[in-house]
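One structure below.
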Amino acid sequence: MAAADTYYIDTINFADANEVFLDEALTTCAPNGFYQMGGATAREQVDCVNGVGGRLLDAEACPSCTPPAVDPPIAANTSYKVTDVVTSAVAFVAITNTYQPTQKITTNLSTNCWLINNGSTDAITATITGPCNVQPVEQPLYFLLNPCPNSVPPSSEYTFTYIVNPSSNKPPANGRYLDPTTGQFYTSANTTNPIGSAIPLSGSNNLYNSVVNENLTLVGSFPTDPVNLGCPPPPEVFCYWNATPCSGGAQVIIKTPQNVFNNIAQGTSSVKVSGTCYTINDISLCTSDVVANIGLYDGTIYTACQLGTNPCIPAVVATPSFNVVETTSAATNLVTKRNGFSQNDNIVITGLAGCWKLVSPSTVATSNTIQDFCPTVTACAEYEVGGTYSYVECYSGITQSGSIGGDSFPACARLNSATSDVAGLPEFISVCFDDIAPPNPFNYYTAVACLYPNSTPIIARNNGSVIQTGRSIKVSGSSTCYLITGLSNNQSGYSDIVNEYQDCAECNPPAACFEFSVDSNTTNTKCPENNPTTVYGNTADFTTASKLYINQLGCQNGQAATVGTYAQAVNNNQRVSRYWDGNNLFSPLTCDPVDVFVTATINNIQNDIKGSDVNVGYTITGSGVGSQTTAASPLLIPSGGSAPFNTGVSVNSGYNITTPIVVSYDTASITQDSNVGVTLTGEINLIPTVNYSVRTCGTQVIYSVDKGSTQAVNSDIIFFVTDSGQTLCGEVTSTTSTPSNARALSIITQDGCDNSFCTGSKGGKPQF
C-alpha cells in the first residue's frame, strides 16, 4: 500500500517534473519507485544514484489509491521512569496515585532513594516499596480553587480540593485542574493558607455554595509540566481561505491565524501547507469554531507562487555547502553538505573546535567537512549544594567541587550529578539552563619560612578544611617548609598549598631519617605479608639500618617503631625480613621470591593488509580483540616463553600472497597489566584465471575455452566441447581472463581444421 510523505520536484507541475528529491535543496534523489501527486496517474522514478540523480518515466494509470493509514493513538503512560539518586541507575515502576513525578521513593532494587522523573510506556522492572524518608501522615486540608473563565461550560463558582502534594502539604503554585465530567478548569487560588480541615458553612466570595470536588485531575504543575500552568488560553480565532495549489488542481480550504489577515493580498499571496504551495484566492470566514480544512499555513506569507522578492517556490540554486555558527562563541564558517545532516542540526567539523549549528544552505564551496553530530547535553536542574560538594555544570560539562563548610549555594547541574555531605543536600529547586559560578572554595593563610621565622610572610590558599595555626605546609613550585601563623583576608599574590604536615620538623626531617614501605607483624614470624605500613630508619637501605622509628618526628625524639618483624622488597622483587625488638634491628633473612603475575589483553587489531578484504581473500585466525593471557612478569610477547598470542592469517581459495604476511605486536614484554596492539601487513590478491580465446573453424565464432591440461600456443587447432554440449574445432588466437564457456579436449596435430574430428568423418585421431 502506498504511503504519503513529503518529497520535492524541480518544476511546478508533477506532470512535467524530471526528478523527485528527498530534500528541498534538490540534492538527494528519492528512492526508485512509483510516485503520485493527485489525479489517477503515477510516474516511476528509476536510476536514482546519490550525487548523480535519477529520472522520472512517463505517467501510468493508478489502479487504485488508498488513503494512508491514520497514525495510531499515542500509548498512555504505564510506568514511571525513576533514577537512583546515588548511582544514577534507571528503572521503571508501576504508576500509582500515591506517588507523583519529582518525589523520592524506595524500590525493591536497593535501599537508595529513587527520584520519579516522568511517565513512561516502558516495561515495569521494579516495584515501589515506600517513600524515601517517611514523614508523619498529616490530616488532609482543603484549599480553594478558582474557576477558569475560558472553560467549557463557563463557571463562576469556587470549588475545594484535598491536598494534592503531600511532600509540600499544599497544591502546586498556579497548578491547573480539570473536572473531566464538565470540562471545567480551575487554578490554585491560595497555595499558602488552607481553608482548614472542613469546609466553612458560611462566608463571602460564594464560599457557602462551594463543595469538595473529588473528580478533579491535576493536569499541569511546575516542574513536571511547565506548559499546562494556570488557566488555558481562550480558543484562537482562525481565518479560512479558498486556495488553489501552485502546481494546479482543485480548490481547497486552508487556515491562518486571524492576526495575519491584513498581510495577505488576495489573488496574489501564496502560503505553504505541509510543504505544498497554494495561491490565496479569497476569504471564506474567520471563526473560533472547527472548520474542515487541509491544514495550517507554515507561518510565512509569500509574494506569489514563483514571483516577487519572496516566492513560495524559489528558483533552484546549487547549494554545495551550509552556513554554520559556533553555538558558544557565535563564530561563523562554512561546511560542505553531507547526506544525513539537515538544517538546524548541531555538528562537529573536522579540524575545528566547538559545536556548530547548520544555519542555512550556501552557494559557496568550502573544504570544511562534517565529522559527526555534536554530543547530546543531558537535562539540567538547579540544586542547593553545600559542605563538601561536587556537581557537573549544565552547559560546560565541567565538574565543580570544593568545600564551603556549613554554607550552601545554588548550582545549575546535570540531572542527578550533584553530591554533598550535608544532610538534606543537594536539594532540587527548579529547572535551569545557564551555568552558575560556584563560590570561592578557598581559605587563605599567612605563613613564614620554618628556618627563617622573622622573614616576610607569604599568602597561601587551600581548597578544603581549615588548617590550624602551628601546622607546616609546602606550596606549589617550592620545596621550602612554611609555618601557618593564621588566617588572612588578603587574597592576592597567593601560592597554592600542596602538602600539609604536623609541624616544621615533620615537613623538614633530619637527613638521617628515611621512609620504608614494609609489611609487618607484632611477632618474630619471618617474612610477614599483606599488612603494609610505613616506618623510618637511620639509613637509606633497609638491610643496613640499625634503628626503626615510628614516624619522621620519631627520628628526632627517638620514639621507636612497634616491636615486631618487618619485610621489604629489595632487588628484582626479592624480599628480606628483619626482627625489631624496640632497640636492636636483627640481621636480614631472605624470603622466598614471590612471582608477580601480569595480564596482557589484545585491545586493537590494525589491519593493513592490501589487495583484498577480510573473509573474501583471507581470514584472520587465532587470538582476536579481547583475548587475554596471564603469566609471571615480565610477560614476553610474542617470542620467548609460550608466545601467548597466535593471531594469524589464512588465505582463502582462489587467492595467493603477493607480499609476505607479517603479524607484529606493539610491545615485546610487559611488567604490569597492559593492552596490546596487533598490526597485520602484507598483500593478498586474486589468482587470475587464464583461458584460451578460440575462433571456431568455418563459423569464426569466438569462445573462451578452459585450458584444462592442454598446452596449446597461438595458431594451434584444438578440439573442445561447449557448455551446451557441442564438440567443435577452432584456432587459439590468444589467452583471456574472460570466464569460460567451453572446455578443451585435445590438440589437433594433423590437417588442422580439415582433421576428421573437425569435419565429422572421424578418420583421424587427435592428441589426448
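Quick note: the coordinates plus some simple rules give every number you see, no bench work behind them. Small disclaimer: the values here were computed from a predicted structure and weren't measured. When we count neighbours, we look across all protein chains shown, and the Cβ atoms used for this are built from the backbone with ideal geometry, even at glycine.
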Quiz item: How much length is gained if the chain between Val466 and Ala173 is pulled fully straight, taking 0.36 nm per residue apart and subtracting their Cα-Cα distance, in nm to one decimal?
Solution: 101.3 nm
Exercise. Grab every C-alpha pair in region 691-759, bin the distances at 5 angstrom width from 0 up to the longest one, and report whole percents.
Key: 4, 21, 35, 27, 11, 2, 0
Self-check item: Expected-Rg normalisation [2.2 N^0.38 Å, Cα atoms] applied to region 235-316
Solution: 1.01
Exercise. Assuming R0 = 51 Å, can you tell me the calculated FRET efficiency for the pair Tyr655 and Val46, based on Cβ-Cβ distance, to the nearest 0.05?
Key: 0.90
Quiz item: Pulled fully out, how much extra length does the chain show between Val325 and Ala76, if you take 0.36 nm times their separation in residues and subtract their Cα-Cα distance?
Solution: 85.7 nm
Quiz prompt | Separation of the Lys357 and Ala318 label points, Cα + 7 Å toward Cβ, nm | solution = 3.0
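May I have the convex hull volume per residue, in Å³, for the Cα set of region 597-686? Mind showing how you got there, number by number?
On the way: hull volume 7.2 nm³, N = 90.
Normalising the Cα hull of region 597-686 by residue number yields 80 Å³.
Going highest first, how would you order 574-581, 670-677 by mean Cβ packing within 10 Å?
Working: 574-581: 17.9, 670-677: 14.9.
Ranked by mean Cβ neighbours within 10 Å, highest first: 574-581, 670-677.
Full-extension gain between Thr619 and Asp754, please, as 0.36 nm times their residue separation minus the C-alpha to C-alpha distance. Mind dumping the intermediate values first?
On the way: separation 135, 0.36 × 135 = 48.60 nm, distance 5.16 nm.
Full extension from Thr619 to Asp754 adds 43.4 nm.
If you wrap a convex hull around the C-alpha atoms of the chain and split its volume per residue, what is the figure in Å³?
On the way: hull volume 278.2 nm³, N = 768.
Residue-normalised Cα hull volume stands at 362 Å³.
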Self-check item: Helical mean residue ellipticity (222 nm; -39500 (n - 2.57) per DSSP H run of 4+; nearest 500) of the chain
Solution: -500 deg cm²/dmol
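Checking the a/c ratio against 1.5 first, then a/b against b/c, what shape does the Cα gyration tensor give for region 321-373? Provide the component values of the computation, followed by the final result.
Details: a/c = 1.30, a/b = 1.23, b/c = 1.06.
Because its axes are fairly even, with a/c under 1.5, region 321-373 counts as rounded.
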Quiz item: Once a ≥ b ≥ c are taken as the square roots of the eigenvalues of the Cα gyration tensor of region 380-430, is the result rounded (a/c under 1.5), prolate (a/b larger than b/c) or oblate (a/b not larger than b/c)?
Solution: oblate
Practice problem: Measure out, as a whole number of angstrom, how far apart the alpha-carbon centroids of region 314-390 and region 9-57 sit. | Solution: 30
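Would you please report the Å³ per residue occupied by the convex hull of the alpha carbon atoms in region 557-708?
Numbers: hull volume 22.1 nm³, N = 152.
Dividing the Cα hull volume of region 557-708 by its residues yields 146 Å³.
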Quiz item: Highest mean first, what order results for 489-501, 542-554 on Cβ atoms within 10 Å?
Solution: 542-554, 489-501
Quiz item: Taking the Cα-to-Cβ direction at Asp10 and at Lys526 and moving 7 Å from each Cα, how far apart do the two end points lie in nm?
Solution: 9.2
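I want the local charge near Val466. Using Cβ-Cβ distances under 15 Å, sum +1 for each Lys or Arg and -1 for each Asp or Glu among the other residues. Intermediate results must be reported in sequence, preceding the final value.
On the way: positive: Arg461, Arg471; negative: Asp407, Glu500.
Summing Lys and Arg as +1 and Asp and Glu as -1 gives 0.
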Self-check item: Shape of region 79-131, Cα gyration tensor, a/c cut at 1.5
Solution: rounded
Quiz prompt | Calculated FRET value between Thr590 and Asp434, using beta carbons and R₀ = 51 Å, to 0.05 | solution = 0.20
Quiz item: Using a simple spin-label model with points 7 Å from Cα along the Cα→Cβ vector, what separation in nm is obtained for Asp666 and Thr111?
Solution: 4.4
Quiz item: Amide H of Val498: which non-local residues (sequence gap of 5 or more, or other chain) have their own amide H closer than 5 Å, using H built in the peptide plane?
Solution: Lys474, Val475, Ser476
